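FYI, it's all coordinate maths here, none of it is from the lab. Treat the numbers as computed from the prediction; the structure is a model and nothing was measured.
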Amino acid sequence: MMDRAAARDAATAVPGVPRDAEGPVFREPWEAQAFAMALVLHARGVFTWPEWAASLAQEIKRAQAAGDPDTGETYYRHWLANLERLIAVKGVTTADTLHRYRDAWDHAADRTPHGQPIELKPEDFAR
């Protein structure tokens, strides 16, 4: 479960976070998971909220320059892209490792029946 106080602090510190009176709101579970990962990495000192906000603003500008209509529906896609880029820059992981896991998740999703949980298996990394 997400720490409500930390989520509220993040939603206040980072402009543009979709929220209601109680804090951040999410359209899909993966959005909440990406948000929570950023909370944990911030709490561990990987980045400050001002650093995150500046980096996220750059990510959104890049997406807009590439044609993103910026209607709000893609906000957490930018959040996730920023998370991936920032943790690679900070040395938490590498871009190669991120790509390896993304490819493994794609493979696992392809073999998983609709509505079933996706589970990574060693063979998903063999591709």
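See the values below:
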{"quantity": "Kirkwood-type radius of region 1-42, with distances r between different C-alpha atoms, in Å", "calculated": "10.3"}
{"quantity": "Relative contact order (percent, whole number), the chain, Cα cutoff 8 Å, 6+ residue spacing", "calculated": "17"}
{"quantity": "Equivalent ellipsoid semi-axes, the chain, via Cα gyration tensor eigenvalues times 5, rooted, Å", "calculated": "26, 18, 16"}
{"quantity": "222 nm mean residue ellipticity, helices alone, for the chain (DSSP H n ≥ 4; -39,500 (n - 2.57); rounded to 500)", "calculated": "-19000 deg cm²/dmol"}
